Amino acid sequence: ALALNERKAYKKAARVLEKLLETNSTYDEARLQYAFTLESLKKYKQMDSQLEILLERNPNNAPALNLYAYSLAQRGLRLDDASEYIARALAVNPDDNSFIDTQAWVYFKQGNLQDAAELLRSIPLETLQANAEIAYHLGAVLFELGDMDGARRYLEMSYKENKEAEKLYRKLPPAK
């Protein structure tokens with residue numbers, strides 16, 4: 001299933017993970033991977049159900065909390081719940097850059113651009129260069145703040161791998 005997900009064969013990965021969970025419903029790592037796969041397939045109702053099972057078993061499952069918070073923020077839904085979930089995840093792993101990114105994305109979706117920018121700027125440059133999604137988030141926040149030069153810098157790091165970054169990059173005014 002992990003190899004299938006790596007190759008973006010999400011439907012096949014979902015089938016493998018679903019069968020695995022039928023035989024071992026307490027295999028939480030498989031359930032978490034299944035939730036990630038469902039998110040990639042945009043099967044949010046099913047993903048939410050899987051995450052709720054995980055969080056019922058372990059309310060401090062930081063990766064599950066982070067995924068739930070990020071997915072809700074990405075969809076623009078239940079932003080108060082997303083904020084609560086990411087706060088709980090960060091309480092467990094305060095230095096995890098993907099969790100910090102999720103907190104910033106929740107702030108962004110709530111319209112709290114300054115706090116989002118501050119958090120994203122705290123992430124090391126090497127991480128931004130290696131992670132197109134996080135670089136896109138910083139570019140999007142800076143774009144909304146009117147910092148077009150800053151936005152350009154981070155969108156250029158991400159637009160080859162991220163369609164949303166590419167769309168936003170095209171909206172930038174010509175460089176001076």
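The values are calculated or read from the model by the stated rules, or taken from the named source; none is laboratory data. Note that the structure is predicted; figures quoted are calculated from it, not measured. Every residue, glycine as well, gets a Cβ built from its backbone with ideal geometry; the counts of neighbours run over all protein chains shown. Just the protein is used for accessible areas: all its heavy atoms, side chains included, with ligands, DNA and RNA removed. Shrake-Rupley method; radii C 1.70, N 1.55, O 1.52, S 1.80 Å.
Under a Cβ-only charge scheme (Lys and Arg +1, Asp and Glu -1), can you give me the dipole magnitude of the range 19-123 about the Cα centre, in debye to the nearest 20?
380
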Notebook entry, point to check: Between Gln74 and Ala175, what length in nm is gained on full extension when 0.36 nm per residue of separation is reduced by their alpha carbon distance?
Noted result: 33.5 nm
Margin query: Once you place label points 7 Å from the Cα toward the Cβ at Asn112 and Lys42, how far apart are they in nm?
Written below: 2.9
Checklist line | Cα centroid of the range 84-160 to Cα centroid of the range 54-69, whole Å | finding: 21
Check: Is the shape of the range 1-70 rounded, prolate or oblate, going by the alpha carbon gyration tensor and its root eigenvalues a ≥ b ≥ c, with a/c under 1.5 for rounded and a/b larger than b/c for prolate?
Finding: oblate
Checklist line | Spatially proximal lysines relative to Lys171 (Cα-Cα < 28 Å; intrachain offsets below 8 disregarded) | finding: Lys42, Lys109, Lys160, Lys163
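Return a whole-number percent for the relative contact order of the chain, with Cα pairs under 8 Å and 6 or more residues apart as the contact set. Could you put the intermediate results ahead of the total?
Values: 220 pairs, mean separation 18.9, N = 176.
Averaging sequence separation for qualifying contacts and normalising by length gives 11 percent for the chain.
Rounded to the nearest 20 debye, what is the charge dipole size of the chain about its Cα centre when +1 sits on each Lys and Arg Cβ and -1 on each Asp and Glu Cβ? Write out the running numbers ahead of the final one.
Details: 24 positive and 26 negative charges, 187 e Å.
Using Cβ point charges on Lys, Arg, Asp and Glu, the chain gives about 900 debye.
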Next item on the list: Would you calculate a helix-derived [θ] at 222 nm for the chain, using -39,500 (n - 2.57) for each DSSP H run of n ≥ 4 and dividing by the full residue count, to the nearest 500?
Entry: -23500 deg cm²/dmol
Notebook entry, point to check: What FRET efficiency comes out for the pair Glu156/Ile53, r = Cβ-Cβ distance, R0 = 30 Å, nearest 0.05?
Noted result: 0.15
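Which loop GluC sites (Glu not before Pro) in the range 17-95, with loop taken from DSSP, have no more than 14 other Cβ atoms within 10 angstrom of their Cβ?
Working: sites: Glu18, Glu22, Glu29, Glu39, Glu52, Glu56, Glu84; in loops: none.
Qualifying residues, ordered by number: none.
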Next item on the list: Find the accessible area per residue for the chain; the probe is 1.4 Å, ligands and nucleic acids are left out, and the unit is Å².
Entry: 56
Item checked: Positive-end extreme of charge dipole, the range 28-147 - chosen from Asn131, Tyr44, Leu145 (charges on Cβ) -> Tyr44
Notebook entry, point to check: Between Lys167 and Asn24, 0.36 nm times their residue separation minus their Cα-Cα distance comes to what?
Noted result: 47.3 nm
Check: Dipole of the chain (Lys/Arg Cβ +1, Asp/Glu Cβ -1, origin at the Cα centre): which of Gln74, Ala64, Phe99 lies farthest to the positive side?
Finding: Gln74
